[in-house]
1. In the chain, which helices (entire DSSP H runs) extend 30 Å or more along their own long axis, judged by Cα positions, while averaging at least -1.0 on the Kyte-Doolittle scale?
2. What does the C-alpha gyration tensor say about the overall shape of segment 305-431? Classify as rounded when a/c is under 1.5, otherwise prolate if a/b is larger than b/c, or oblate.
3. Cα gyration tensor of segment 1-62, axes a ≥ b ≥ c as square roots of the eigenvalues: rounded (a/c below 1.5), prolate (a/b > b/c) or oblate?
4. Go through segment 385-391 residue by residue and turn each phi into a ³J(HN,Hα) via Karplus (6.51, -1.76, 1.60, θ = phi - 60°); whole Hz please, and just put x for glycine and proline.
5. Using the Cα centre of segment 204-289 as origin and beta-carbon charges of +1 (Lys, Arg) and -1 (Asp, Glu), tell me which of S252, V235, V266 is placed farthest towards the positive end of the dipole.
6. Could you check the spin-label model distance between R186 and A249? Points 7 Å from the Cα along Cα→Cβ, value in nm.
7. Taking the alpha-carbon centroid of each part, what is the distance from segment 383-423 to segment 119-134 in angstrom?
8. Using packing as a proxy for protection, rank 131-144, 104-117, 287-300 so that the peptide with the highest average count of other Cβ atoms within 10 Å comes first.
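Quick note: the coordinates plus some simple rules give every number you see, no bench work behind them. Computed from a predicted model, the values in this text were never measured in an experiment. Neighbour counts are summed over all protein chains in view; Cβ atoms, including those assigned to glycine, are modelled from backbone coordinates with ideal geometry.
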Amino acid sequence: MARIAVFGLWHLGCVVAGSLARLGHRVCGIDFDGALVSRLAAGEPPLFEPGLQELLTGELNAARLAFTADVARALAGVDAAFITFDTPVDDADGSDLRPIERAAQEIAAHARTPLTVVLMSQVPVGTTRRLAAEMAARAPALPFTLLCQPENLRLGQALETFTRPDRIVVGAEPRAAAEKLEPLYRGIPGPRLVMSWESAELAKHATNAFLATSVSFANELAALAEVVGADIRDVVGVLRADRRIGPHAFLSPGPGFAGGTLGRDVQTLRKLGVRTGQPTRLLDAVLAVNRARLPMLVEKLRRLLGGELAGRRVTLLGLVYKPGTSTLRRSHALELARRLVDAGATLQAYDPGVTGSAGAELGGSGIVLGADPYQAAAGADAVLLTTPWPEFRTLDWEQMRRVMRGTVVLDAHNLLDPAELARAGLVWAGVGVPEPSSTQSKVDSMAGVGR
């Protein structure tokens, strides 16, 4: 088995390091953050991911996994080095490549034996070629092979998507160099799609931009559905039944895409278009539709509450970026919270993934965190479901009604059963479905009734 260094230890790096160790390799994880390294050495990952803490603890105990901030020690005699920083993004979804560039520099400075370098971090097209040239210039005597293997993990399902991927994209030059990945990934199934560095980078941008386009398409349809009195859930069902689209199509309307991942790749392609003089009209529209979603949700809640948010008490069910994780990074729920506070609302919230240090990140947000959904809903004029945790489907909605002051439940993901909420005396409103008591008036308006 191989000796492997994994550079960058947030979500991606922890999953890669633990999974490679479970395959039998000797893995040393490296990060520039000494406090993070210390926590990982104690088996404490930086965020919740199902099964991750157990994986890290098991591999640490088996002595196949270690963590250090000592780069020279970690790179001593390794067969491969993975660059796995979760690429930071700014508020405009622009990529910050400094941690990735520093990792490449450290590898060039400290590696002493031939090795394979696997770049998994999301980078703009052209980055792999530039890093290869810079590493060769810094370490002309170091024999290394640089592969671009863009990660395809999904928060909340990361261990499964690493060990059982739909496909593995490998950018290699020459293409035969992709074979160097096989001893490292022995035991991981899935087709290997080998291509140039630039093709691999662009394929990652294209995948995420396509998903972002699907989200905005579904949301634009949802807005139209509300206007005409249609139900977007039925419309999406028809689309997914078409074999040209498929049952797994990314067509769930809601608050839009968040978290920085999809937006980063849309912005990367738009910047590429500006740099090369190619218009990106579709991608421009994708972002415009996405940016309009949160204001639309705020206005929808305002209408449901009789036209006024000031002085209203609103409970948010869900705060994290998506179910199955604890990260609040670029969460739509927090942006919604800011908008609601600015409108004068008082906020309470519950999220099963927000505890301890994650809850400390809410300081200054104006959100009072409840110990459970019922405590969070006490005295609420409305409940706004913002993260589609499956357990919210099984809440005792009769108890929720008893503790609430009002009756409005705005389900931003169409997760709940409207009939169950109606039986509990609550008024359910979704996304892309007619608002309560509005269907007939909209149909009459379209038909010209009363003119």
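1. Details: long enough: 197-228 (47 Å, 0.53); 281-304 (34 Å, 0.33).
Span-like helices, by this rule, are 197-228, 281-304.
2. It comes out oblate by the Cα gyration axes.
3. Numbers: a/c = 1.61, a/b = 1.20, b/c = 1.34.
Verdict is oblate for segment 1-62.
4. Working through the residues one at a time gives 7, 10, 10, x, 5, x, 5 Hz.
5. Going by the charge dipole, the pick is V266.
6. Spacing of the two 7 Å Cα→Cβ label points: 4.3 nm.
7. 46
8. Per-residue mean Cβ counts within 10 Å order the peptides as 104-117, 287-300, 131-144.
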